[in-house]
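The values are calculated or read from the model by the stated rules, or taken from the named source; none is laboratory data. Keep in mind that what you see is a predicted model, and the values were worked out from it rather than measured. All Cβ positions, even for glycine, are placed from backbone atoms using ideal geometry, and neighbour counts span all protein chains on display.
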Amino acid sequence: MQNQNQMPKRVQKTWRLFRNAGLRAIPILQLRESLLQDSKLTLNYIVLIVSSCLIATFGLLVNSAAVIIGAMIIAPLMMPLRGLSFATLEGDGKLLRNSFLSIAIGTLLGVTCSWFVEWCPV
């Protein structure tokens, strides 16, 4: 098992190429930590998912494209999707698990909220 502070050999080789060329790059471990933080299931994420889903549902009910586009703007799905793609490329199990969990719970919450709005008696 690799030490957490050690980078894989292919990453070290790429990093040396950047360093020798005089370019500054974001270290892979720093990028991983940032994506790990962004992919967490937090209260802010849940509130944004529920609110964007409710806004999109009401936009569909009133047939308003502008409202639906507004709901897409506040949807926070991009953060865990970035984490999921990076984790898939790097083979990072912890990041993959966190990202997938956030996406799955967000999707289930969205579908549940939309179903409740559509089927609750008015």
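Quick rundown of the values:
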read-out: Residue match in region 25-35 (condition: in a helix (DSSP H, G or I), within 16 Å of the chain's Cα centre (by Cα) and surrounded by fewer than 12 Cβ atoms within 10 Å (Cβ to Cβ)); value: no
read-out: Residue count for region 80-100, restricted to those that are under 12 Å from residue 38 (Cβ atoms) and of a type in the set (Asp, Glu); value: 0
read-out: Residue 77 touching a Phe, Trp or Tyr at 6+ places or on another chain (Cβ under 6 Å) and either at pLDDT 90 or above or not acidic (Asp, Glu) (or both); value: no
read-out: Evaluation of residue 103 against (1) under 14 Å from residue 39 (Cβ atoms); (2) free of Cβ contacts under 8 Å to residues at least 24 places away in the same chain (one fails), failing number; value: (2)
read-out: Residue within region 41-62 that is in contact (Cβ under 8 Å) with a residue 60 or more places away in the chain and in a loop (DSSP other than H, G, I, E, B) present; value: yes
read-out: Criterion (at pLDDT below 90 and of a type in the set (Lys, Arg)) met by exactly one of 24, 97, 82; value: 24
read-out: Matching entry among 70, 83 (being part of a helix (DSSP H, G or I) and crowded, with 16+ Cβ neighbours inside 10 Å); value: 83
read-out: Residues that are surrounded by 12 or more Cβ atoms within 10 Å (Cβ to Cβ) and in contact (Cβ under 8 Å) with a residue 24 or more places away in the chain, drawn from region 106-122; value: 106, 109, 110, 113, 114, 117
